[in-house]
1. Name the shape class, rounded, prolate or oblate, that the alpha-carbon gyration tensor gives for the range 51-90, where a ≥ b ≥ c are the square roots of its eigenvalues, rounded holds for a/c under 1.5, and otherwise prolate holds if a/b is larger than b/c and oblate otherwise.
2. Give, in nm to one decimal, the length gained when the segment between D138 and D54 is fully stretched (0.36 nm per residue of separation minus the Cα-Cα distance).
3. About the Cα centre, and with charges only on the beta carbon of Lys, Arg (+1) and Asp, Glu (-1), how big is the dipole of the range 79-136? Nearest 20 debye, please.
4. For the range 38-86 and the range 96-164, what is the centre-to-centre distance using only Cα atoms, to the nearest Å?
5. Let me make sure I get this right: for the range 28-108, a, b and c are the square roots of the gyration tensor eigenvalues over alpha carbons, sorted descending. Under 1.5 in a/c it's rounded, otherwise prolate if a/b > b/c, else oblate. Which is it?
Amino acid sequence: MTSLSPLIAIAAASLATAAFIPVAQANKSSGEENKTIVQRSFDAWAAGTGSPYDLLAEDAVWTITGNSLASKTYPSREAFLGQVIRPFVERMSVGLKPVIRDIYSDGTTVIIHFDAAGTAKDGKPYVNTYAWFLDMQDGKIVKATAFYDSIAFNDLWTRVKLNQ
């Protein structure tokens, strides 16, 4: 029985090593698939036929970093859309059009660096540069961290009042 122990140990080690290969390949594939999903959502946004917010899971957590008037963590899709995106869109006469600078994937995370420009309801342009770190699961954004120029955002947010 003791002569089988080394063989069992070698077999177990081989199986354990083999088990990690598909996981690594799945993460690589998953990363490329997630990158493609995000790229397509930005293409739809630029074409006016969709947006990356369509990818948000209901329980997605979105964090806006820095010191803008909207900087905080939003605990759900609806909280983020209701407190940031809809009020932002209401301030615009011509919606934002994104232009991707770079897009990367690493496992389940997609990082997208892009510029976006539109026209506010007061006729002035709104231009900003963004970096989003998107954690994906089953083709949906489950967690996001967003960076942008808070000075440009705050100017729009305070200058253009909502219709109430």
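1. Details: a/c = 1.91, a/b = 1.23, b/c = 1.55.
Cα axes put the range 51-90 in the oblate bin.
2. Values: separation 84, 0.36 × 84 = 30.24 nm, distance 1.35 nm.
Extra length available between D138 and D54 comes to 28.9 nm.
3. On the way: 6 positive and 6 negative charges, 68 e Å.
In debye, rounded to 20, the range 79-136 gives about 320.
4. Here the answer is 8 Å between Cα centres.
5. Taking the square roots of the gyration eigenvalues as a ≥ b ≥ c, the range 28-108 is oblate.
Any read-out appearing in this document is the output of simple, stated calculations on the displayed coordinates, not a laboratory observation. Remember, predicted model here, so these are calculated numbers, not experimental data. Neighbour counts run over all protein chains shown; Cβ positions are idealised from the backbone, glycine included.
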